[in-house]
Amino acid sequence: MKRIALYVNSSREHALETARRVEAAARARGIAVTLCEGTDVALGFSAPVCDFEGAELLVTVGGDGTLLRGTRLVHELEIPIFGINTGRLGFLTEVEADNEGFSALERVFDGNVEYEERIALHAHVEGAPTIHFALNEVVVRRVTQARLAPFGLTLDGELIAHLPSDGVIVATPTGSTAYFLSAGGPIIQPGVDALGVAGLMPHTLFARPLIVSGEATIEITCDGELTRANLETDGFVAGDLRAGDRVTIRRAEKRVRFARIRRGAFFTRLEEKLQWGVPIKSM
């Protein structure tokens, strides 16, 4: 490995200290380090606009939110991501910011690494020029002040529901352990080519989450009675929606690549981070 890019949550001192240690470990192996745009210059070395030229890896230092922002930077370039957790949960990150985590990072620098690909999403509002990216989920949600109104849900051209709810979420397998899980959706194993769809706080007795093909085209329509809604991607507000707006969601053509020190550890991570299979009395 000759060059890496570094993306840091510069609002946290622990993340900055960890990033300095990442930079030192890389340079000790003769690996050049590029500091990505938006990362704080308090690291002690220059922060040019990150064009990722020649970068073989993006190392994110922060929590899951930092990693999600990092995926937006390198998704189209297909540069793999290695996350170091200095946040709270760190479900998506690969290692903690401790000695064991840095030993793993050094092995990655030395080429002892495997790669895993994950499905991502593209969302497009009809008539708008922008295509929005999401690794976890796309959400169409009414704002707090708006009255309850149905959202139209279409799957591959077939209208399947008018759902009176606070909104609709479409999640990837990666996102099935995030907001989709909180919305009552099932966990989807990362390698499954599928998407999850669920209503948010549906005002009906018969709404259930759906698992659909990863090749499906999903359309969410804002009802004519809806005064205002938001389009959200991975927890970030991507735009405002009005009555009659239609959001089309599809699987992104390119997948997000993760650098892994071990594969097949998904359920181990579920147990460690989300208490999967742990009796309630022992928590």
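Could we say that GLY191 is buried (at least 20 other Cβ atoms within 10 Å of the Cβ) and free of Cβ contacts under 8 Å to residues at least 40 places away in the same chain here? Please lay out each step first, then the result.
Details: buried (at least 20 other Cβ atoms within 10 Å of the Cβ): no; free of Cβ contacts under 8 Å to residues at least 40 places away in the same chain: yes.
The answer is no for GLY191.
When the stretch 210-230 is examined, which residues are found to be open to solvent by less than 50 Å² (accessible area, probe 1.4 Å) and either charged (D, E, K, R) or farther than 15 Å from HIS122 by Cα (or both)? So that I can check it myself, show each step before the final result.
Residues of the stretch 210-230 that are open to solvent by less than 50 Å² (accessible area, probe 1.4 Å), as a first pass: 212, 214, 216-223, 226, 229-230.
Across the stretch 210-230, the qualifying residues are VAL212, GLU219, THR221, CYS222, ASP223, LEU226, ALA229, ASN230.
Inside the stretch 121-142, can you point out the residues that are charged (D, E, K, R) and either at pLDDT 95 or above or buried (at least 24 other Cβ atoms within 10 Å of the Cβ) (or both)?
Of the residues in the stretch 121-142, the ones charged (D, E, K, R) are 126, 137, 141-142.
Scanning the stretch 121-142 gives GLU126, GLU137.
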Inset, instruction - Enumerate the pairs (first residue in the stretch 111-124 and closer than 20 Å to ALA238 by Cβ; second residue anywhere and among the hydroxyl-bearing types (Ser, Thr, Tyr) and open to solvent by 30 Å² or more (accessible area, probe 1.4 Å)) with beta-carbon separation below 9 Å, excluding pairs fewer than 6 apart on the same chain, so at least 6 apart or on different chains. - result: HIS124/THR130
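Tell me which residues, restricted to the stretch 149-201, are among the aliphatic types (A, V, I, L, M), in contact with an Asp or Glu (Cβ under 6 Å, 6 or more places away or on another chain) and within 22 Å of GLU116 (Cβ to Cβ).
So in the stretch 149-201, the residues among the aliphatic types (A, V, I, L, M) come out as 149, 153, 155, 159-161, 163, 168-171, 178, 181, 183, 187-188, 192, 194-195, 197-198, 200-201.
Filter again for in contact with an Asp or Glu (Cβ under 6 Å, 6 or more places away or on another chain), leaving 149, 169, 171, 200-201.
Within the stretch 149-201, just ALA171 meets the criteria.
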Inset, instruction - Quick one: count up the residues across the stretch 231-261 that are assigned to a strand (DSSP E or B) and open to solvent by 40 Å² or more (accessible area, probe 1.4 Å). - result: 7
Legend entry - Residues located in the stretch 262-276, provided they are surrounded by 13 or more Cβ atoms within 10 Å (Cβ to Cβ) and either in a strand (DSSP E or B) or among the aromatic types (Phe, Trp, Tyr) (or both): PHE266, TRP276
Inset, instruction - Select from the stretch 85-120 the residues that are assigned to a helix (DSSP H, G or I) and open to solvent by less than 20 Å² (accessible area, probe 1.4 Å) and list them in ascending order. - result: GLY101, PHE102, ALA104, LEU105, VAL108, PHE109
Inset, instruction - Within the stretch 125-134, count every residue that is part of a loop (DSSP other than H, G, I, E, B) and either free of Cβ contacts under 8 Å to residues at least 60 places away in the same chain or not hydrophobic (A, V, I, L, M, F, W, C) (or both). - result: 4
Legend entry - Of all residues in the stretch 135-166 being within 14 Å of LEU241 (Cα to Cα) and without any contact (Cβ under 8 Å) to a residue 40 or more places away in the chain, the one that is nearest to the chain's Cα centre (by Cα): ASP166
Legend entry - Selection count where residues are in contact with a strand residue (DSSP E or B) (Cβ under 7 Å, 6 or more places away or on another chain), more than 9 Å from TYR7 (Cβ to Cβ) and either of a type in the set (Asp, Glu) or open to solvent by 10 Å² or more (accessible area, probe 1.4 Å) (or both), scope the stretch 49-62: 4
Legend entry - Contacts under 8 angstrom Cβ, first residue in the stretch 1-20 being closer than 16 Å to ILE81 by Cα, partner charged (D, E, K, R) and part of a helix (DSSP H, G or I), 6 or more apart: LEU6/GLU23; TYR7/ARG69
Inset, instruction - Identify the single condition in (1) open to solvent by less than 40 Å² (accessible area, probe 1.4 Å); (2) of a type in the set (A, V, I, L, M, F, W, C); (3) touching a Pro at 6+ places or on another chain (Cβ under 9 Å); (4) farther than 24 Å from THR268 by Cβ that LEU148 does not satisfy, given that it satisfies every other one. - result: (1)
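The values are calculated or read from the model by the stated rules, or taken from the named source; none is laboratory data. The structure presented is a predicted model; accordingly, all values stated were derived computationally and were not measured. For neighbour counting, all protein chains shown are included, and Cβ atoms are generated from backbone atoms with ideal geometry for every residue, glycine included. The accessibility values were calculated without ligands, DNA or RNA, using every heavy atom of the protein model including side chains. Shrake-Rupley method; radii C 1.70, N 1.55, O 1.52, S 1.80 Å.
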